[in-house]
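Participant: Handing you a structure now.
Just so you know, all these numbers are worked out from the coordinates, no wet-lab data involved. Model, not experiment: these values are computed from the prediction. Neighbour counts are summed over all protein chains in view; Cβ atoms, including those assigned to glycine, are modelled from backbone coordinates with ideal geometry.
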Amino acid sequence: MKIKPLSKCSLGNKKVLLRADMNVPVSEGKVTNKERIIRSLPTIKFILKKSSKLIVLSHLGRPKENNIIQEEFSLQPVARILEEELGRPVKLIQNIDEAISSNEEILILENIRFFKGEKNNDLNLSKQLASLADIFVMDAFATSHRSHASTVGVTDLIDDACSGLLIQEEMKALDKIIDARRPILAVLGGSKISSKLSLINTLSEKADHLILGGGIANTCWGSLGKEIGNSLTEVSMYKEAELLSKIENVLIPDKVIVAKDQNSTPKEKKIDFVAKDDSIYDISPNFFNSIETLFNEAATIIWNGPMGLFEEDNFSFGTKALASMVANSDAYSVIGGGDTISAASKAGILDSIDYISTAGGAFLEYIEGKSLPALEALKNKNI
């Protein structure tokens, strides 16, 4: 059963509840990157052309779920950006009762994760949310792998529900990966192998070549008995990492950037020469230069996760070299995850990427073939 798209929803003069993803970085009360808000605008504008009232739901950060407003996680900065982008008043409301009584055309409810019951898909909270509107539009792909009240519970209880334009866009782009043209080159970085083990196994079977970087690579080298000094690693995952490391199409970078600490001068070393007092902070750009052919020959490239401590300039060159390879390839390229997007932005290559997913965990689970609860709820709504 397919998910009903927004274009098939009868919005005329109806109240619409929209679950968007506006989980943007905020510093000193100001949004520092409004990309996720911008990506939500097509759906919002589509709804406003036809509906009588729009109520927007979103989360921001990880506040305590205690029904108390926590200023550092307030959606007030998001509401201001929405007003600027839409050129129309957007009222931030503190509670569900206010949403019912307000006559404003565009409302945004305070951070949904302030409300008790959101994360455990509480029935009462789901009922309250469903009572706000005639139609529910789910457009937060980045949270579609979560079974929360604002992603699943409300879908089950409201009369009509459909997917927004961003979710449709995400699914279309990521479906290209599932049925990707070969050769497929996948690159996975990040700190923990434990959080990506299932995906690594899936991609090692699906991709022609799989490159592992970051703390994941450290764990693999450690599992093979290599000296990795004081590097970030997961000793508890050595057994699984050793098995992965021996898969023929899995590549673990053997040229790394080490230092005694983050403030020390970085040095390139082959993995066999890492000392006990070294820490691996990055992959050497020379490693990527040595496998440039893989990028040139790839038809599809999937990238998730930085290669090292890219936030520090001294340890960003491996990730930048990877970004350059992806940008210069003729392959269909897809990246996802907050750190990956930040790294690609820092490298100045975002405009060269074919598709940038707003999601991290949902992006990975979708291409892995896992069932995402919010999408399943939408499918079941149409049975």
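Participant: Net charge around GLU368, counting only other residues with Cβ within less than 10 Å of its Cβ (Lys, Arg = +1; Asp, Glu = -1)?
Facilitator: Combined, the nearby Lys, Arg, Asp and Glu give +2.
Participant: Is there a pair in LYS192/LYS320; LYS172/LYS196; LYS91/LYS127; LYS64/LYS239; LYS127/LYS196; LYS49/LYS172 whose C-alpha atoms are over 27 Å apart, and which pairs would that be?
Facilitator: LYS64/LYS239; LYS127/LYS196
Participant: I'd like the antiparallel share, as a percent to the nearest 5, of DSSP beta bridges with both residues in the chain.
Facilitator: Of all bridge pairs located within the chain, approximately 20 percent are antiparallel.
Participant: Still on this structure, please answer the following. Suppose R0 equals 51 Å; then what is the FRET efficiency for ASP97 and ASN263 from their Cβ-Cβ distance, rounded to the nearest 0.05?
Facilitator: 0.45
Participant: Next question. Using a/c under 1.5 as the rounded threshold, could you call the range 51-103 rounded, prolate or oblate? The axes a ≥ b ≥ c are square roots of the C-alpha gyration tensor eigenvalues, and prolate needs a/b larger than b/c, oblate otherwise.
Facilitator: oblate
Participant: Between ASP277 and LEU197, what is the label-point separation in nm under the 7 Å Cα-to-beta-carbon projection?
Facilitator: Placing both labels 7 Å beyond Cα along the Cβ direction yields 3.5 nm.
Participant: If you fit an axis through the alpha-carbon atoms of helix 214-223 and take the longest principal axis of the Cα set of the chain, what angle between them do you get, 0 to 90°, nearest 10?
Facilitator: 50 degrees
Participant: Moving on to the next point. Karplus couplings for the range 301-317 from phi (6.51 cos²θ - 1.76 cosθ + 1.60, θ = phi - 60°), rounded to Hz, Gly and Pro as x?
Facilitator: Result, rounded to whole Hz: 10, 10, 10, 9, x, x, 8, x, 7, 5, 5, 8, 3, 5, 10, 9, 6.
Participant: Calculated from the structure, Cα extents along the principal axes in Å equals which of (i) 68, 42, 37; (ii) 79, 47, 41; (iii) 99, 73, 30?
Facilitator: The value computed from this structure is option (i).
Participant: For n ≥ 4 DSSP H runs only, could you compute -39500 (n - 2.57) per run for the chain, divide by its residues and tell me the 222 nm figure to the nearest 500?
Facilitator: Helix contribution divided over all residues of the chain: -10000 deg cm²/dmol.
Participant: Excluding same-chain residues fewer than 8 positions from LYS206, which aspartates and glutamates have a Cα within less than 16 Å of its Cα?
Facilitator: ASP175, ASP179, GLU248, GLU365, GLU368
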